[in-house]
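Please find one structure pasted underneath; my questions will follow.
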Amino acid sequence: MAWRFKASKYKNAAPIVPKAEACVREICVGSYQTYGNNIAASAAFMAFNWEHTGSSVAVLPLDDCGRKSKTMPLLHGHTDTVTDLKFSPFHDGLLATASQDCLVKIWHIPEKGLEQSLSDPEAVFSHKQRRVETVGFHPTADGLMYSTAAGCVALFDLSAQKEIFSNNEHPEVIQSASWREDGSILATSCKDKCVRIFDPRAAGSPIQLTAESHQSIKDSRVVWLGNQSRILTTGFDAARLRQVIIRDVRNFNIPEKTLELDCSTGILMPLFDPDTNMLFLAGKGDTTINYLEITDKDPYLIEGLRHTGEQTKGACLVPKRALKVMEAEVNRVLQLTSNMVIPIMYQVPRKTYRDFHADLYPETTGYKTDLVAGEWLNGSNQPVPKMSLDPVKREHGDEPIIPRLGPKPFSSTTGDVSFDKVFAVPLAPGSHENISSVGQDTGVDIIPPAQGAKPDLIVEIEIKKKHEREPPVAGNGVQKSLTTSERRKIFEQNSESSENSTESEDRADAADLRRLSTARSSIADRRRLYESRSKSQVDEKAQSPVPLRREHSKVEMLKPALQQQQPGNVIDTKRISVPEGKLLEEHRRGNGSAAGLKKSATDTAFSAASTKRTSTVFGKVSKFRHLKGTPGHKSTHIENLRNLSRQIPGECNGFHANQERVAVPLSGPGGKIAIFELSRPGRLPDGVIPSLVNGGNIMDFQWDPFNAHRLAVACDDGIVKIWHIAAGGLTEPTNTPAGELTAHMDKIYFIRFHPLAADVLLTASYDMTIKLWDLNTMTERISLSGHTDHQIFDFAWSPCGRLGATVCKDGKIRVYNPRKSETPIREGNGPVGTRGARITWALDGQYIVCTGFDKVSERQISVYNAQKLSAPLKTTSLDVSPSILIPFYDEDSSTLFVTGKGDSTIYCYEITDEEPYICPLSHHRCTSLHQGLSFLTKNHCDVASVEFSKAYRLTNTTIEPLSFTVPRIKSELFQDDLFPPTRITWSATMSAEDWFSSNDKAAPKVSLKPEGMETLSSIQQVTVQPIKKTDHSHFGGQKSEYESNKQQEIQKSVSARMEFTTKLEQDDMEGVDENEWQE
């Protein structure tokens, strides 16, 4: 038993997360319902799904970092979501992608990465109208790829570009597949709850073994544990608990180890390193990545250090030869989140990292093999030679291992195939060397543009294979359009004669630009040179950097008109690109002046640029961009909470607070709600918690906004109970409410108090009706209809109190005017998800904000025009989570706070009345998960500390205050730009009778400025005598009114802070005579 006490070298491997600057940031990743990991890595590149649909793939260098533009080059090769993607283990630039469009495509990534978007793959394989689920490469045979679609397993030979094996014996969808390290057999997990051992080369049926696995049809994964005879699967049991099962193929029907983890909706993606036996379990949608070490004896799975961070969208391991071995990095996990790629380094702690620690790095599988697809299919098994990670034993010493970029798939009928010819890395597209050598090295003939052709005409390239050049009528010629960089370089080469009339520095810059190659400069260098070369043409800036395509017939129409122009008025088409429609319009009008044509085009370009708003061009800058959430001191917390209820319906927020007390539902029978006084923080005593006993299951509850002592509770028996809390709070449990309201004959969804009128309560029930009650008389006054037999998710009053909006399970948003119509006055499309939704009003009732789910269960926020509900103005997706986003809108700052039960992040946005409508602010991340969030009214904010919003947060064991502030330098002044006069929502504006009688009153406004506190704007209100300005008309005209006002404002602000004098130093100096100057 001594092995039990043997310490593992990797036991204390610690996850090290880099700073945000070292991560790939500001990317666009959605949530995809696929069986893939959504990210893959080689020793040179990383690739991951891009955007919400996931039909494009982003490819970046492995060590890349920093912010990424949404216009970055991508792989645009599929028409539907990319379900899986993998790099070849032998060639770091060879990428395979599988998609829901039933295609598998092979891509070759250039040595410098993607410099422009690619849409033409090297090879395409079809699965005959079946969605492709997984794709990958064989571990020992070069050029052998596998893919699965529905119940089919297929093998493809990339060198021959054909399918060499196909089997359809799986009865259901194959969810995962994994090769044994020696490449002899394959393990698959299927939707029929079985795991199988699959041998494509076996005589007869390739399915060798079958065993029952996870008893849930949800996603499952399988991974072969290196070269062992064991496999590991992850999935869900019948109770939807996540499971990990280890099996030995020698006793396949009986699991060797079964580990049940937790109840979560995300599948665990197993990432296994056979060299160190390290296993990483990353759950989709989880914020934690578990590290376990696999042993060959009980307990089989030993848990290591757990990483907690961002929510995971995908994960993969980096090949061992790309690790930083001199820093004791034993593994690296690339974590894909909604907006970042985070490289998590697992480092073994050592006293020093000067030397190579050979005990941590056994020889690993190399990247060179002599086995090809045909030989493997004929029965040959040849292991991949091992390689050492010791820099001393490597080919290039301490330098990183040079990635192998290739091959491009090829076809050959002869035996003369060498690595240099077939697997050579091509030059990056767009380089001068590539263009000049196209006709020689690749068998391509370039047909240059006709002499005198302009750059905005179509430039064509004809590519013909050398052995197919004789029969030109056979249709073997391929017409291909050049890329943007190729067009630019060909044009510059063919325009040298026209450049003779330009300045010499322009010619030098053009020569410099032509001399550039991808090996000597980066994209940024080329862009800077191109921009510096074009400084003189700013006034004649083309509308698009890509030359416009025009038909020859349209160009011929313009030639006579252009030839009639004088030489001095010839249009320089290189300097300006005129839209085709504009040219034809000017030609039809008979405009004979080329200068007029040029002026018209430039005017069009400038008018298009001038109409664009500055906030749209540069991005909207909010005063609340850097808001900060700060939890209250521990002395203000209420601790030792117990028995919180987890059975509250989704339509209920689950937690409500006012300025004096909070209400928290408790578990157990009787429908109990505990009331805690905020004036008595600290640790709650053990024992029975005083509570309100309602006698039935609680559906919803809410404090009266105008009476901090009154609480309304709705139960599943259709009764609303009105409770009155004494000034000292509850001292013992009570079951006697102050009043009862029999509102409905069925369960109640939710209740809402009116925001302005006292004693007006709204109830919504399972009977699809919404009723308004007068609590003074306990009578029903209005009943609203119009909802179908679908669930009503939420109701929100408009700020004026006249209108109300609902969101329903049928995917509709409805707006009511309760006092004028029982049916909705407007109706539109809301969230398509049926898991729940919330709704609120924004910007003085002109807009509606709705939170919900999309069709793939991703949480999203949508903004609607309250007058036009046909489609949202803007929709922002967040993440995948089962909890409903609960919104709170602060109308003074136009800030939207959203969070869900079980979340640890409070998302903050600013709602605007122009694009982009939803502006992200600094989100607040809490140290623990919260079960509810409730905001207080504006009059309880500490404006002296620049606190613009205050809330209380409910966790599993505590209730803690949360303050949202804006950092300001002069915090001793009242920030009147952040705190405009606010509406009084903490006291009633009108009575219930006034509101039901349509005697509306607007809520009065009050300033939040404390007495004796100066405002920020007051220090700038110093009156200064305007200084007479000398008439400078002879220097080019008088200054504009805007410049004069701006200068006066600057003088005011400066004079308010410092003393100044108009006397100059040279006034005291003795001058010289004019004749002395002449001498």
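The values are calculated or read from the model by the stated rules, or taken from the named source; none is laboratory data. Fair warning: this is a prediction, and the values are worked out from it, not measured in the lab. Positions of Cβ are backbone-derived with ideal geometry, glycine not excepted, and every protein chain shown enters the neighbour counts. In case anyone asks, the SASA skips ligands and DNA or RNA and just uses the protein heavy atoms, side chains included. Shrake-Rupley method; radii C 1.70, N 1.55, O 1.52, S 1.80 Å.
Mind checking which residues of the range 641-671 are open to solvent by less than 30 Å² (accessible area, probe 1.4 Å) and more than 30 Å from Phe853 (Cα to Cα)?
Leu641, Arg661, Gly670
A further question follows. Search the range 993-1005 for residues being in contact (Cβ under 8 Å) with a residue 60 or more places away in the chain and assigned to a loop (DSSP other than H, G, I, E, B), and hand back the single one that is nearest to Asn707 (Cα to Cα).
Ala1003
Here's the yes/no breakdown for (1) in contact with a strand residue (DSSP E or B) (Cβ under 8 Å, 6 or more places away or on another chain); (2) within 19 Å of Ala40 (Cβ to Cβ); (3) open to solvent by 20 Å² or more (accessible area, probe 1.4 Å):
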| position | (1), (2), (3) |
| --- | --- |
| Leu271 | yes, yes, no |
| Leu279 | yes, yes, no |
| Ile289 | yes, yes, no |
| Val318 | yes, yes, no |
| Glu329 | yes, no, no |
| Arg332 | yes, yes, yes |
| Gln335 | yes, yes, no |
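Of all residues in the range 86-99, count the ones that are touching a residue at least 60 places away in the same chain (Cβ under 8 Å) and over 13 Å from Ala40 (Cβ atoms).
Looking only at that region, the number is 2.
Can you name the residue in the range 770-798 that is part of a strand (DSSP E or B) and open to solvent by 40 Å² or more (accessible area, probe 1.4 Å) and, of all such residues, is farthest from Trp841 (Cα to Cα)?
Step by step, filter the range 770-798, then rank; the result is Thr779.
Output the residue which, of all residues in the range 187-197 that are out of contact with any Asp or Glu (no Cβ under 7 Å at 6 or more places or on another chain) and either of a type in the set (Lys, Arg) or within 15 Å of Ser229 (Cβ to Cβ) (or both), is surrounded by the fewest Cβ atoms within 10 Å (Cβ to Cβ).
The selected residue is Ile197.
If we keep just the residues of the range 753-769 that are closer than 18 Å to Ile698 by Cβ and open to solvent by 10 Å² or more (accessible area, probe 1.4 Å), which is modelled with the highest pLDDT?
The qualifying residue modelled with the highest pLDDT is Phe753.
Just checking, how many residues over the range 366-419 are modelled with pLDDT of 70 or more, hydrophobic (A, V, I, L, M, F, W, C) and surrounded by 11 or more Cβ atoms within 10 Å (Cβ to Cβ)?
8
Being at pLDDT 90 or above and either within 26 Å of the chain's Cα centre (by Cα) or closer than 16 Å to Thr83 by Cα (or both) is the filter here; which residues of the range 126-144 pass it?
Matches in the range 126-144: Val132, Glu133, Thr134, Val135, Gly136, Phe137.
For the range 230-245, how many residues meet the condition of being of a type in the set (Ser, Thr, Tyr) and modelled with pLDDT under 90? Explain how you work it out, then say what you get.
Filtering the range 230-245 for residues of a type in the set (Ser, Thr, Tyr) gives 233-234.
When the remaining residues are screened for being modelled with pLDDT under 90, the result is none.
Matching residues across the range 230-245 total 0.
Here's something else I'd like to know. Within the group Pro665, Pro685, Pro681, Pro690, which residue is in contact with a helix residue (DSSP H, G or I) (Cβ under 8 Å, 6 or more places away or on another chain) and free of Cβ contacts under 8 Å to residues at least 60 places away in the same chain?
It is Pro681.
Picking from Ser117, Ser69, Ser56, Ser88, which residue would you name as being at pLDDT 90 or above and hydroxyl-bearing (Ser, Thr, Tyr)?
Every option except Ser88 fails the conditions.
Any residue in the range 819-826 that is hydrophobic (A, V, I, L, M, F, W, C) and either within 26 Å of the chain's Cα centre (by Cα) or under 20 Å from Ile911 (Cα atoms) (or both)?
No, there is no match, as no residue in the range 819-826 is hydrophobic (A, V, I, L, M, F, W, C) and either within 26 Å of the chain's Cα centre (by Cα) or under 20 Å from Ile911 (Cα atoms) (or both).
Sticking with this one: Exactly one of these conditions fails for Arg332: (1) farther than 25 Å from Tyr10 by Cβ; (2) at pLDDT 90 or above. Give me its number.
(1)
Right, here's the next one. Does the range 203-228 hold any residues that are assigned to a loop (DSSP other than H, G, I, E, B), of a type in the set (S, T, N, Q) and in contact with a Phe, Trp or Tyr (Cβ under 9 Å, 6 or more places away or on another chain), and which are they? Show your work before the answer.
So the first thing to find is which residues in the range 203-228 are assigned to a loop (DSSP other than H, G, I, E, B), and the list is 203-206, 213-220, 225-228.
Narrowing the set further to residues that are of a type in the set (S, T, N, Q) leaves 205, 213, 215-216, 220, 227-228.
Once the filter is applied, which keeps residues that are assigned to a loop (DSSP other than H, G, I, E, B), of a type in the set (S, T, N, Q) and in contact with a Phe, Trp or Tyr (Cβ under 9 Å, 6 or more places away or on another chain), the range 203-228 yields Gln215, Ser216, Ser220.
Another one. Here are Ser229, Ser220: which of them is under 21 Å from Lys257 (Cα atoms), hydroxyl-bearing (Ser, Thr, Tyr) and either surrounded by fewer than 22 Cβ atoms within 10 Å (Cβ to Cβ) or touching a helix residue (DSSP H, G or I) at 6+ places or on another chain (Cβ under 6 Å) (or both)? Outline the logic, then answer.
On the way: Ser220 fails: either surrounded by fewer than 22 Cβ atoms within 10 Å (Cβ to Cβ) or touching a helix residue (DSSP H, G or I) at 6+ places or on another chain (Cβ under 6 Å) (or both).
It is Ser229.
Filter the range 156-174 down to residues that are open to solvent by 50 Å² or more (accessible area, probe 1.4 Å) and touching a residue at least 12 places away in the same chain (Cβ under 8 Å), then give me how many there are.
Counting residues in the range 156-174 that are open to solvent by 50 Å² or more (accessible area, probe 1.4 Å) and touching a residue at least 12 places away in the same chain (Cβ under 8 Å) gives 7.
Looking only at residues that are of a type in the set (Lys, Arg) and either in contact with a Cys (Cβ under 7 Å, 6 or more places away or on another chain) or surrounded by fewer than 20 Cβ atoms within 10 Å (Cβ to Cβ) (or both) in the range 291-316, which one is modelled with the highest pLDDT?
Going through the qualifying residues, I end up with Arg306.
Restricting to the range 106-131, count the residues that are of a type in the set (Asp, Glu) and touching a strand residue (DSSP E or B) at 6+ places or on another chain (Cβ under 8 Å).
Number of matching residues: 1.
Being in contact (Cβ under 8 Å) with a residue 24 or more places away in the chain and in a loop (DSSP other than H, G, I, E, B) is the filter; apply it to the range 799-818 and report the residue that is most open to solvent (accessible area, probe 1.4 Å).
Looking at residues that are in contact (Cβ under 8 Å) with a residue 24 or more places away in the chain and in a loop (DSSP other than H, G, I, E, B), I get Arg802.
Next up: Out of Glu115, Glu181, Glu133, I need the residue that is in a strand (DSSP E or B), touching a residue at least 40 places away in the same chain (Cβ under 8 Å) and among the acidic types (Asp, Glu). Which one?
On inspection, the qualifying residue turns out to be Glu133.
Being over 16 Å from Ala373 (Cα atoms), within 33 Å of the chain's Cα centre (by Cα), open to solvent by 30 Å² or more (accessible area, probe 1.4 Å) and among the hydrophobic types (A, V, I, L, M, F, W, C) narrows it down to one residue among Ala203, Ala150, Ala177; which is it?
Of Ala203, Ala150, Ala177, the one residue that is over 16 Å from Ala373 (Cα atoms), within 33 Å of the chain's Cα centre (by Cα), open to solvent by 30 Å² or more (accessible area, probe 1.4 Å) and among the hydrophobic types (A, V, I, L, M, F, W, C) is Ala150.
Right, here's the next one. In this structure, is Lys128 without any contact (Cβ under 8 Å) to a residue 60 or more places away in the chain, of a type in the set (Lys, Arg), open to solvent by 10 Å² or more (accessible area, probe 1.4 Å) and within 27 Å of Met387 (Cβ to Cβ)? It would help to see each step written out before you state the result.
Numbers: without any contact (Cβ under 8 Å) to a residue 60 or more places away in the chain: yes; of a type in the set (Lys, Arg): yes; open to solvent by 10 Å² or more (accessible area, probe 1.4 Å): yes; within 27 Å of Met387 (Cβ to Cβ): no.
So Lys128 does not fit the description; no.
For (1) aliphatic (A, V, I, L, M); (2) touching a Gly at 6+ places or on another chain (Cβ under 7 Å); (3) crowded, with 22+ Cβ neighbours inside 10 Å, each residue gets a yes or a no:
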site: Asp844; (1), (2), (3): no, no, no
site: Lys855; (1), (2), (3): no, yes, no
site: Ile861; (1), (2), (3): yes, no, yes
site: Asn865; (1), (2), (3): no, no, no
site: Ser877; (1), (2), (3): no, yes, no
site: Ser883; (1), (2), (3): no, yes, no
site: Gly900; (1), (2), (3): no, no, yes
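Here's a follow-up. Could you grab me the full set of residues in the range 735-751 that are open to solvent by less than 40 Å² (accessible area, probe 1.4 Å) and either touching a helix residue (DSSP H, G or I) at 6+ places or on another chain (Cβ under 6 Å) or free of Cβ contacts under 8 Å to residues at least 60 places away in the same chain (or both)?
At the first step, the residues of the range 735-751 found to be open to solvent by less than 40 Å² (accessible area, probe 1.4 Å) are 737, 739, 741, 743-744, 748-751.
Those that are open to solvent by less than 40 Å² (accessible area, probe 1.4 Å) and either touching a helix residue (DSSP H, G or I) at 6+ places or on another chain (Cβ under 6 Å) or free of Cβ contacts under 8 Å to residues at least 60 places away in the same chain (or both): Pro737, Gly739, Leu741, Ala743, His744, Ile748, Ile751.
Look at the range 136-147 and say how many of its residues are assigned to a loop (DSSP other than H, G, I, E, B) and either over 21 Å from Lys368 (Cβ atoms) or open to solvent by 10 Å² or more (accessible area, probe 1.4 Å) (or both).
Going through the range 136-147 one residue at a time, the tally reaches 2.
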